[in-house]
Structures are given as structure tokens and as C-alpha cells.
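Nothing in this text is a laboratory measurement; each read-out follows from the coordinates by a stated rule. These figures come from a predicted structure and were not determined experimentally. Glycine also receives a Cβ, built like all others from the backbone with ideal geometry; neighbour counts cover every protein chain displayed.
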Amino acid sequence: MFKLIFYDFKEIEAFMLSLRKKLAVKVENDFKLLEEYGNMLRMPHSEKLDDNIFELRVKQGSDIVRVLYFFDKGRIIVVANAYMKKKNKIDPSMLKKANDIRKQYYKKRGE
């Protein structure tokens, strides 16, 4: 098992509360899959975006949520940010934000 932590819990909590109930439940279920399978979770649930950032892909009807995350030592998964996807491509500003969060996370840890 992997341990899932949220870099900014309040931001992710607010995002989750903004979702329709069925979609929020599906995201929570996919969080459990991520905790169970970690770096072995593949498409259609997870995809590597660049060297450091992965996305959890959640679809409920026509709604699509993307949760960006990265791995830390000791089987830890850090959820950086999440958003509702509106286009077919990844939102570059959200990917940049996830990479910035990753850098901040490691800087706080002294790495």
C-alpha cells in the first residue's frame, strides 16, 4: 500500500466539495486505487505526464477530473492539485503548478 497525502489539503477539499456527489465519490474511489497500486496504476486510471508528474484520470458521464500527483520516498504519493478538464489536452498552467508544488515540497524537506 501507498500513503496518499495532500500538499494543500484545504485546496483539494474545496475542489472535492465543488464536485457533484457521484463524481466526488468516483474521485475518492480512484484515490483508493492509487493508494493500492501506486506506480503500477496505469491507463485508463493514471498516466505519466512528464518525468515527475502523473495524472489520475477520473470520468463520470461527461465530467472529467484530473488530479496531478508525484511520488516521494517511502511509498508516499503527494497530491499536488486537481481540476475539471475542459479540453482534450492537459492544462499547461496546471502542470506548471504541479511542478512548482513538487519543487516547494522538496525544498521544505531540505532536498
Return the long-range amide H neighbours of Gln60 (sequence gap of 5 or more, or a different chain), with a cut-off of under 5 Å between placed amide H atoms. Val65
Kirkwood-Stokes translational diffusion coefficient of the chain, alpha-carbon pairs, 25 °C, 0.890 mPa s, µm²/s: 174
Determine ³J(HN,Hα), in whole Hz, for all residues of the range 31-48 in sequence, where each value follows from phi through the Karplus function 6.51 cos²θ - 1.76 cosθ + 1.60 and θ = phi - 60°; x replaces Gly and Pro. 4, 5, 4, 5, 5, 6, 9, x, 6, 8, 6, 10, 4, x, 8, 9, 8, 7
HN-Hα J couplings of the range 50-62 from phi, Karplus 6.51/-1.76/1.60, θ = phi - 60°, integer Hz, Gly and Pro as x? 8, 4, 10, 10, 10, 10, 8, 9, 10, 10, 9, x, 8
Amide hydrogen neighbours beyond the local backbone of Asp8, cut-off 5 Å, H modeled: none
Sequence-distant or interchain residues sharing an amide H contact under 5 Å with Leu41, placed H: which? none
Go through the range 1-39 and name the trypsin sites (Lys or Arg not before Pro) that are in a DSSP coil and have 12 or fewer other Cβ atoms within 10 Å of their Cβ. Arg20
For the range 53-111, what mean projected area does the convex hull of the alpha carbons give, in nm²? 4.3
For the chain, what's the relative contact order in percent, using C-alpha pairs closer than 8 Å and at least 6 residues apart? 27
Compute the acute angle (0 to 90°) between the alpha-carbon long axis of helix 9-18 and the principal axis of greatest extent of the alpha-carbon atoms of the chain; round to the nearest 10°. 10
